[in-house]
Ligand SMILES: [Zn+2]
Ligand SMILES: [Zn+2]
């Protein structure tokens, strides 16, 4: 009898999952198309699910890369967005961490195997089966791919939903869900603390948050930039020092002096110039992702036993720790709030680094739009 009941419950749950609800979203159906209104399906709330009405979503450079298929793995239509903050509007009957009315957040992941050696250590971002990305990853519940935060709502298992501390600026906190954790995790892993000299290369969406976090961790924080006009801004953001990397004298003065350098530059650059700034046993970690391979000279590493490393976002528990840390230290991103219909313009400006330092979409502007006429399914007569 017990089995029958279980089977019955499962099928009801399956039905709810399948039916779900439609949601307004913004996305694109082809790499060269602008982003436009779409209607997407969200699954119904399962016992451990949280349904969130999205209030704000940050725009990450990965969104643009994916929308335009620059990493060659995009399934269309794509709805980007993985810096999500919203209000909980429904919870499943097994949910323990959230209740209706809570402010909650979702970052770059919505699931993982939860069973491999990395997941068990809270390193879901390195799941051996590959974590499920918030957008453009195979979607086990409804088929197709996951749809991200450029949407009025999202449904996520509570294990992958974060608590947002009381009293924070919600719009300016949204970018922390990717830019914040991407920089917090390596800064912490490589022991950023008082007495350490830490460099941040590139003052952009990631770098500007990294400066604030490194300073709050107590390190001597140095911004390293190619842009002279960002020098003053770097100090305002909290950098103790700023090095203009195009100035050879300045670079020479700081040679062999850094414990750790976080490199957030996603354009091609000469990594050897920065490796030479590291002292004995120093590490340079990449979080920016240049498209072309970087060339590393052996003698940039050998003489001072230096390390060259990489790092990917952070686990769920660490993301929560980062949000709590940032709330405690009053850290948010510097943002420009836009409406959903400004998104294509924002993408163009992002390409020119013309934003200080993160665009965030006010999702009320999507909610208030008339219903999207287009669906996510292309009409058959347009398929050629
Ligand atoms: Zn991102
Ligand atoms: Zn796993």
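Quick note: the coordinates plus some simple rules give every number you see, no bench work behind them. Bear in mind the structure is a predicted one, so any value in this text is a computation, not a measurement. Using ideal geometry, Cβ is built from the backbone for each residue, glycine included, and neighbour counts are taken over all protein chains shown.
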- request: Rank the residues 358, 276 as a footprinting-exposure proxy: fewest other Cβ atoms within 10 Å of their Cβ go first.
  value: 276, 358
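Please give the length that would be gained between residue 166 and residue 70 if that part of the chain were fully extended, namely 0.36 nm times their separation in residues minus their C-alpha to C-alpha distance (nm, one decimal).
Numbers: separation 96, 0.36 × 96 = 34.56 nm, distance 3.77 nm.
Going from the current span to full extension adds 30.8 nm.
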- request: Return 185, 21 ranked ascending by Cβ neighbour count within 10 Å, so the fewest neighbours appear first.
  value: 21, 185
- request: Evaluate region 85-225: find the radius of gyration of its Cα atoms, find its Kirkwood radius, and give the ratio Rg to Rh.
  value: 1.01
message: How tilted is helix 179-189 with respect to the longest principal axis of the chain? Cα atoms for both, answer in degrees (0 to 90, nearest 10).
response: 60
- prompt: region 233-304: Rg/Rh from Cα coordinates, Kirkwood Rh?
  reply: 0.96
Packing-based exposure ordering (other Cβ within 10 Å, fewest first) of 359, 98: 98, 359
- prompt: Where in region 229-266 does the amide nitrogen come within less than 11 Å of the point 7 Å from the Cα of residue 279, taken along Cα to Cβ?
  reply: 256-260
Among 33, 137, 341, residue whose mean-square fluctuation peaks in a GNM of the chain (springs only between Cα atoms under 10 Å): 33
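If each DSSP helix of 4+ residues adds -39,500 (n - 2.57) and the sum is divided by the residues in the chain, what number results at 222 nm, nearest 500 deg cm²/dmol?
-7500 deg cm²/dmol
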query: Quick one: of the DSSP bridges fully inside the chain, what percent are antiparallel, nearest 5?
result: 55
- request: Once you have all Cα-Cα distances for region 328-368, histogram them in 5 Å bins from zero and send the whole-percent values.
  value: 6, 23, 26, 20, 13, 8, 4
query: When the Cα centres of region 218-284 and region 334-350 are compared, how far apart do they sit, in Å?
result: 29
- request: Calculate, for residue 272 and residue 231, the FRET efficiency according to 1/(1 + (r/R0)^6) with r their C-beta to C-beta distance and R0 30 Å; round to the nearest 0.05.
  value: 0.80
- prompt: Any idea what Rg and Dmax come out to for the chain if you just take the C-alpha atoms, in Å?
  reply: 21.7, 80
query: Distance from the Cα centre of region 164-196 to that of region 139-161, in angstrom?
result: 23
